[in-house]
Amino acid sequence: MAANTQKKTRDADATRARILAAAKKEFAKSGLGGARVDEIADRAKANKRMIYHYFGNKEDLFRIVLEEAYTDIREAEQKLELEHLPAREALEKLIRFTWDYYLKNPEFITLVNSENLHKARHLKKSEKIDELFRRFVGMVGGLLERGVQEGVFRPGIDPVQLNITIAAIGYYYLTNRFTGSIVFKRDLMAPEALDERLAFNIETIMRLVCINP
């Protein structure tokens, strides 16, 4: 009996994971409005009844996918173990990580874009997001304080403003890569262009934060 129960639990967990993975792809491709539950079910090799059973309606599923997307990036940041590095080195590592994460996880950007179109009505219902971002802001705040103590960072920098700036200089570049490539007459996604942009991002943030960049 116990073995059967464990198997059912494993099967349920596997089904939930497949549905979430399929939903992430579908929402990233089509947004909330264009995403179809039938398509998610097909991708997940599940049926709609299972989706509604595990996640409720499409709106609830979209909220959970968003929560998972934010959880993934926040957990990846924690694994950087920035608290064990000198502040300046830790800040550069965070900037590099953010840029690389956006490049490797383009669905994160499209999901966030989609939620902004809906004025964050799903995130407003999420207690999980509050916890994730309190921890993240605390991490960045601790990094800034350590840099001040080490004599390398200017005092009084708001960790929220710094995070917004680090995110924005990568986010904007990538969300506007197609139009930018046309108006600026260069391939913004060429390897050398991406390297140049990362170097520019690091220099920009270091000049903002460091006493002697």
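The values are calculated or read from the model by the stated rules, or taken from the named source; none is laboratory data. Only a predicted model underlies this, so the values are computations on that prediction, with no experimental measurement involved. Every residue, glycine as well, gets a Cβ built from its backbone with ideal geometry; the counts of neighbours run over all protein chains shown.
Worth pointing out:
- Top-ranked residue of region 109-120 - restricted to ones that are touching a residue at least 60 places away in the same chain (Cβ under 8 Å) and hydrophobic (A, V, I, L, M, F, W, C), ranked as nearest to L198 (Cα to Cα): I109
- For L111: the one exception among (1) surrounded by fewer than 20 Cβ atoms within 10 Å (Cβ to Cβ); (2) within 30 Å of G142 (Cα to Cα); (3) not hydroxyl-bearing (S, T, Y): (1)
- Selection status of M189, touching a helix residue (DSSP H, G or I) at 6+ places or on another chain (Cβ under 8 Å), surrounded by 13 or more Cβ atoms within 10 Å (Cβ to Cβ), outside any helix (DSSP H, G or I) and touching a residue at least 12 places away in the same chain (Cβ under 8 Å): yes
- Residue check for N201: in contact (Cβ under 8 Å) with a residue 60 or more places away in the chain and exposed (fewer than 12 other Cβ atoms within 10 Å of the Cβ): no
- Being among the hydrophobic types (A, V, I, L, M, F, W, C) and free of Cβ contacts under 8 Å to residues at least 60 places away in the same chain holds for only one residue in L144, L94, L174, L85, and it is L85.
- Out of A28, A69, sole residue that is of a type in the set (A, V, I, L, M, F, W, C), touching a residue at least 24 places away in the same chain (Cβ under 8 Å) and touching a Pro at 6+ places or on another chain (Cβ under 9 Å): A28
- Residues that are assigned to a helix (DSSP H, G or I) and surrounded by 12 or more Cβ atoms within 10 Å (Cβ to Cβ), drawn from region 204-213: T204, I205, M206, L208, V209
Residues checked against (1) surrounded by 14 or more Cβ atoms within 10 Å (Cβ to Cβ); (2) part of a loop (DSSP other than H, G, I, E, B):
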| position | (1), (2) |
| --- | --- |
| I157 | yes, yes |
| V160 | no, no |
| Y171 | yes, no |
| F178 | no, no |
| E196 | no, no |
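- Scanning region 89-100 for any residue that is surrounded by fewer than 19 Cβ atoms within 10 Å (Cβ to Cβ), touching a Phe, Trp or Tyr at 6+ places or on another chain (Cβ under 8 Å), at pLDDT 95 or above and at negative phi turns up nothing.
- Unmet requirement for E75, which otherwise passes all of (1) touching a helix residue (DSSP H, G or I) at 6+ places or on another chain (Cβ under 7 Å); (2) under 23 Å from N201 (Cα atoms); (3) part of a helix (DSSP H, G or I): (1)
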